[in-house]
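J.: First the structure, which I've put down as structure tokens, then a few questions once you've had a look.
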Amino acid sequence: MADSDTSKGDFGIRPGEQAVELPAQTDAGVYFIGRIRTPWTDRRDCPKNGRESQAICTIALDPRWAPALKDVETSTHLVVLYWMDKAQRDLVLQVPKHYGEQRGTFALRSPARPNPIAMSVVKLLKIEGTQLMVQGLDCLDGTPLLDLKPYFASTDAVPDAVTGWHASKKA
């Protein structure tokens, strides 16, 4: 296991963080179905979650997938799954700078994870051809798009869900 004095990626490993050796090969393949256009080209400028910004971003869907947009305009919100291609993938323990306490990767929503799949619920503003204008993203310009799904409040929202450490976080 790599120690906290090892430097990886663009941002290095913070004191208290731990990395592991990644497997030699991947287990599956995915198709990037488009790219996400945002105002952020530097991770330091990117919001830590999509609800922190009112920026209008564009999901540029590959034209081959245009028929899959049928009836999407009837949704007010979408679940967007994307690949954080610039993220570090070997951290198992992290110390987020805005919390300052060590947590396991799977207890965080950090982009640094073995498979850097991110998810945001976005507000759909309009669709022009294969371009979707949305609010609520937190990724860098050019981020690969994995999938789009309608947000169903009846099944996606869990009002009584609790993440104990997050509920007791420092203000």
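J.: Multiply the residue gap between ASP71 and TRP165 by 0.36 nm, knock off their C-alpha separation, and tell me the result in nm, one decimal place.
T.: Length gained between ASP71 and TRP165: 29.9 nm.
J.: Another question about this same structure. Among THR41, THR105, THR143, which one shows the highest mean-square fluctuation when the chain is modelled as a Gaussian network with alpha-carbon springs under 10 Å?
T.: THR41
J.: OK, next. According to the Kirkwood expression over distinct Cα-Cα pairs, how big is the hydrodynamic radius of the range 65-136, in Å?
T.: Radius from the Kirkwood sum: 14.4 Å.
J.: From the mean inverse distance of alpha carbon pairs (Kirkwood) and the Cα radius of gyration, derive Rg over Rh for the chain.
T.: Using only Cα positions, Rg/Rh for the chain is 0.98.
J.: Kirkwood Rh over alpha-carbon pairs of the range 97-171, then Stokes-Einstein at 20 °C and 1.002 mPa s: what D in µm² s⁻¹, rounded to an integer?
T.: Taking Rh from Cα pairs, D becomes 138 µm²/s.
J.: Could you tell me what a quarter of the Cα convex hull surface of the range 29-81 works out to, in nm² with one decimal place?
T.: That works out to 5.1 nm².
Each reported figure results from applying straightforward, stated rules to the coordinates on display, with no laboratory input. All values reported here derive from a predicted model rather than from experimental measurement.
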